[in-house]
1. Taking amide hydrogens as modeled 1.01 Å from N in the peptide plane, which residues meet the under 5 Å criterion relative to ARG133, leaving out close sequence neighbours?
2. Which value, in debye to the nearest 20, gives the size of the charge dipole of the chain about its Cα centre, when Lys and Arg are +1 and Asp and Glu are -1 at the Cβ?
3. Per 0.36 nm of contour for each residue apart, how much would the distance between VAL260 and ASP142 grow if the chain were fully extended, relative to their Cα-Cα spacing?
4. For the range 6-141, what is the accessible area per residue in Å², given a 1.4 Å probe and the full set of protein chains?
5. Pop out the Kirkwood hydrodynamic radius of the chain from its pairwise C-alpha distances, inverse of mean 1/r, in Å to one decimal.
6. Give the separation of the Cα centroids, the range 237-258 to the range 20-69, in Å.
7. Leaving out ligands, DNA and RNA, what percent of the accessible area of the chain is carbon and sulfur, probe 1.4 Å?
8. Would you grab the residues whose amide H sits under 5 Å from the one on TYR329? Only those 5+ places off in sequence or on another chain, please, with H modelled 1.01 Å from N.
Amino acid sequence: MREPQVFLVNPAHATVGMSFLTPRWLFVIAAATPRSLRDPILVDESIEKFDPSRVIAGDIVGIGITTDNCLPGYDVLRAAKRKGATVIVGGIHATIFPEEPLSMEADAVVTGNGEAVWGDAVRDALNKRLVRRYDGGRESGDKLLPARWDLLAKQRLRNRYLFPTVQTVVGCPENCTFCSVWVTEGRNPRLRLTDAIVQEVNELNAMGFQTIMFADDNFNPATLGRIAREGSPSRREGLESLRERRLEFFREYARRVHRVIPSFTQMTSEVAEDDEYLAAMHDDMGVRGALIGIESFTLEGLKSARKMWNPVGDQMVNVIRAIQSHGIYVLGSIICGLETDTPETIAAMQEFAKSSTMLFAQFPVYRPFPGTVDFREMVADRERRSSSNPLSLAPKHATELLYEKYWLHNRCPRVIVKHPHMTEQELLHADQGCWNEFYSFREIWKRAVQLPCSWTWKFIFVFASLGFRALYAGRGISADGARTTLGLMPRLTLKGVGQLLAFSSLQRKRKLAQVS
Ligand code: SF4
């Protein structure tokens, strides 16, 4: 009989043998696992399926779930329970709905920052005194643990990922209605310690990674534009100090990492008004690409998303061009199906997207996610609409949520709302039109020839654009986990990227060996 083993499982609908991004939580929770035990076994189901035959009674299985991947997560839960394991479920979905995993027979749930309480939960499970709930709350930035990247090599995962994820700041000061970040992580951004970040980046650099993703909720929580529109004097002071600390961190990072690796991240468009910040991002942090939430090119759309501070129409086009002129290329995210959208506004947004010259764009179909203001209000609207009480309040939204617990539907439709101005078919058609037009070969080629790089890189860009469309069309990069199947083209793309990845890692290791 062997000693108890901890498994950490990142569930996925589709298993393809590799993934673009490392699921950071796996490596952070591994760091929070008591060192007196053997290393936890990491299972990322986009790489390999969870194999219950490896589990025996007394083992501990930790599963991290989001709304997109909770369904395969519950399959893992049931399989692990059948083997007699203790199952502990955490992640953003468990934080929002802690009762749901418990109702699926989980032994305990971890809510909030799991790294704060995971060690206690494991020790309690081993000592047979597990309680139902462990709340990690919101850890301060200095307590957020570095990830255990050594497990990438130890568990033969190094060549399965293209981009490792490093976090520098948690939380976002905004309050967009379709986003759950500020609800779960708070509006006071917490900065991680520079030492911990530098240590991680140097470790990844030594492993041969050539690009990293700063997986921050909002890389730029306090730029000049953001500070200028802050109404509260005390909050403005806090943001000013935050901006200074960010810039100091950028400088220190550039001084201390062995090499500033090219990176990409996600941020707000207001950074365009802050040249000093943009230059520091580019020069000190190596940021070469960023996902920017454009959401809509119309004022009405931005109002419905509570993001009126984003520029509208041509102004946003200019902002995107300004950011790209600093050498930071934009992946713009535009939501199709906000309450005020019509087929005409979506067609107009498509034109704005093309004229902005942003390198990549995604057009996710609108869906209200749990934890957001939209979701909470639309659930309340469902009750109001079905109420026979004449004094019941009028619904807040013209958009109707059709399925309250849509994440539990095996074949959940892409459109889960009844839109006030478009049928499901019209919405899907308009969305598909955006993807088709933006990623038509003609448009991709136009963007490629404008790139200030060699022809080799232009062709790589064309290949990457076609791959991006094949992988993410209809859903967008942040909702990747929702894909339940992958067609031939996405699979070939991933395989091709996998080969490139293995080759580039080998080259990098050779170079490092020559240098030393
Ligand atoms: S969408 Fe972006 S800017 Fe808005 S709250 Fe979420 S992270 Fe912040």
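The values are calculated or read from the model by the stated rules, or taken from the named source; none is laboratory data. A quick note: this is a predicted structure, and the numbers were derived from the prediction, not measured. All Cβ positions, glycine included, derive from the backbone under ideal geometry; neighbour counts span all protein chains shown. To get the accessible areas, we keep the full protein, side chains included, count just its heavy atoms, and leave off ligands, DNA and RNA. Shrake-Rupley method; radii C 1.70, N 1.55, O 1.52, S 1.80 Å.
1. The list, which skips near neighbours in sequence, is VAL109.
2. 1660
3. Roughly 40.2 nm would be gained on extension.
4. Averaged over the residues of the range 6-141, the accessible area is 36 Å².
5. On the way: mean 1/r = 0.0415 Å⁻¹.
Answer for the chain: a Kirkwood hydrodynamic radius of 24.1 Å.
6. 33
7. 55
8. Sorted by chain and number, the residues that satisfy this are GLY289, ALA290.
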